[in-house]
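Q: Below you will find the structure I want to go over with you.
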């Protein structure tokens, strides 16, 4: 059937664009995964991509699937064991009745979680904890605090290589040593984190001023299962740092840590596996798989070769200009196809073009920071959206875009300037 289509490349790009639009707009309120999988399936049915190639594209996401399952298991078992409620009570006490102090505390915790557990973990693990904290504090409008979980997950995602799975995708086997990484990205990361906080704080100031935060909150008892869940999260962070230092992919260690923690807690409770498995957001996995297939199809159109040629030519002419342009284009482009598959394409183009380290670094910043523009820019933001929906909250694509258009550009400009002008 693919042979009957006069321009298969244009058809592939059109289907990929429509599928991405479906993920963003969610027509009929259908889940994002429906549109990504439908687009991938249509490409196969029309013969625009062989089913074997589609399977290969799906298989490329194996490490991501394992990572997500591990994190979602950790989050769900911690939520059920009351760990988030316990942490929330302590956070509210530390805020001492100040809405702005609670805002800063959540931001700092979100930064730490993102840096040492990854941006996806921030979305999955921290979001329910923040919602619990706002509920315990009697906050009437939790969205300003919940927005933190979405934006810091991307803003702090290039402090360390493990802070974002996309970092491993972009650099692949050419990952810089940790010392070189820190020397390159510490200042850009710091500027991105601070700029994001300032804009978020300013945009949410009116809501925060109108808010009251309770000072006397009851601290729930934390049982043995909750303690084990907390230790499991800490152990997972340590495992991720160790795996990154050893050059090991993060998916399997995260999955094993999440599964082991869940099984230990279930053994303590003598059951409950069905309840945990039922509440995990499994729909994220087919969404990711569909996105990987879409990127595989785009790569088959020769897009990767064109990107590599353009990037190589630009870097030879003016590396600084190439870094600015590459970082900005990838940043905005990540919002069209999601930053994980965009990172696959951009990373492959960077390696094929053998560009200078500054250009590669600018592309990575674009992949990590650019998704703060839209709700579908990164997997972390999609996970965040899923998490807040479970709590009865929702943010439309347009509402997020209006806020993201204020938050993302200053942070991106400062981070790229720090990298390129250093």
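Q: Inspect all residues belonging to the stretch 100-117 and state whether any of them is closer than 22 Å to residue 283 by Cα, buried (at least 24 other Cβ atoms within 10 Å of the Cβ) and under 17 Å from the mean Cα position of the chain (by Cα).
A: Yes.
Q: Look at the stretch 206-237 and say how many of its residues are out of contact with any helix residue (DSSP H, G or I) (no Cβ under 7 Å at 6 or more places or on another chain), surrounded by 14 or more Cβ atoms within 10 Å (Cβ to Cβ) and in a helix (DSSP H, G or I).
A: Selection size over the stretch 206-237: 1.
Q: Which one is nearest to residue 234 (Cα to Cα), of the residues in the stretch 55-71 that are buried (at least 22 other Cβ atoms within 10 Å of the Cβ) and at pLDDT 85 or above?
A: If we take residues in the stretch 55-71 being buried (at least 22 other Cβ atoms within 10 Å of the Cβ) and at pLDDT 85 or above, then 70 is nearest to residue 234 (Cα to Cα).
Q: Any residue in the stretch 264-293 that is at positive phi sitting within a Cβ distance under 9 Å of a residue that is assigned to a helix (DSSP H, G or I)? List the pairs, counting only those 6 or more apart or interchain.
A: Within 9 Å, the pairs are 272/77; 272/80; 272/265; 272/266.
Q: Something else now. Looking at the stretch 128-149, is at least one residue more than 22 Å from residue 204 (Cα to Cα) and part of a helix (DSSP H, G or I)?
A: no
Q: Collect the residues in the stretch 238-252 that are over 23 Å from residue 84 (Cα atoms), free of Cβ contacts under 8 Å to residues at least 40 places away in the same chain and in a helix (DSSP H, G or I), keeping them in residue-number order.
A: 242
Q: Exactly one condition in (1) without any contact (Cβ under 8 Å) to a residue 60 or more places away in the chain; (2) surrounded by fewer than 18 Cβ atoms within 10 Å (Cβ to Cβ); (3) assigned to a helix (DSSP H, G or I) is not met by residue 47; state its number.
A: Of the numbered conditions (1) without any contact (Cβ under 8 Å) to a residue 60 or more places away in the chain; (2) surrounded by fewer than 18 Cβ atoms within 10 Å (Cβ to Cβ); (3) assigned to a helix (DSSP H, G or I), the odd one out for residue 47 is (3).
Q: Within the stretch 377-422, track down each residue that is surrounded by fewer than 19 Cβ atoms within 10 Å (Cβ to Cβ) and within 16 Å of residue 125 (Cβ to Cβ).
A: Passing the criteria: 390, 391.
Q: Do the conditions hold for residue 412, that is, is it in contact (Cβ under 8 Å) with a residue 12 or more places away in the chain, over 19 Å from the mean Cα position of the chain (by Cα) and either over 26 Å from residue 176 (Cα atoms) or outside any loop (DSSP other than H, G, I, E, B) (or both)?
A: For residue 412, the condition - in contact (Cβ under 8 Å) with a residue 12 or more places away in the chain, over 19 Å from the mean Cα position of the chain (by Cα) and either over 26 Å from residue 176 (Cα atoms) or outside any loop (DSSP other than H, G, I, E, B) (or both) - is not met.
Q: Here is a follow-up. For the stretch 8-24, what are the residues that are surrounded by 15 or more Cβ atoms within 10 Å (Cβ to Cβ), farther than 17 Å from residue 340 by Cα and in contact with a helix residue (DSSP H, G or I) (Cβ under 8 Å, 6 or more places away or on another chain)?
A: Selection gives 8, 12, 13, 15, 22.
Q: Out of the residues in the stretch 187-205 meeting the condition of being at pLDDT 95 or above and loosely packed, with under 15 Cβ neighbours inside 10 Å, tell me which one is farthest from residue 102 (Cα to Cα).
A: 194
Q: Among the residues of the stretch 73-87, write down those that are modelled with pLDDT under 85 and under 18 Å from the mean Cα position of the chain (by Cα).
A: Result: 75, single match.
Q: Related question: Kindly establish whether residue 42 is in a helix (DSSP H, G or I), surrounded by fewer than 23 Cβ atoms within 10 Å (Cβ to Cβ) and within 25 Å of the chain's Cα centre (by Cα).
A: When the stated conditions are applied, residue 42 does not pass them.
Q: Here is a check on your reading of the model: is residue 158 assigned to a loop (DSSP other than H, G, I, E, B), within 12 Å of the chain's Cα centre (by Cα) and either surrounded by 22 or more Cβ atoms within 10 Å (Cβ to Cβ) or at negative phi (or both)?
A: yes
Listed here are the residues, each with its yes/no results for (1) more than 21 Å from the chain's Cα centre (by Cα); (2) over 30 Å from residue 10 (Cα atoms).
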| residue | (1), (2) |
| --- | --- |
| 263 | yes, yes |
| 271 | yes, yes |
| 275 | yes, yes |
| 287 | no, no |
| 300 | yes, no |
| 315 | yes, no |
| 322 | yes, no |
| 328 | no, no |
| 338 | no, no |
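The values are calculated or read from the model by the stated rules, or taken from the named source; none is laboratory data. Keep in mind that this is a model prediction, so the values were computed, not measured. Neighbour counts run over all protein chains shown; Cβ positions are idealised from the backbone, glycine included.
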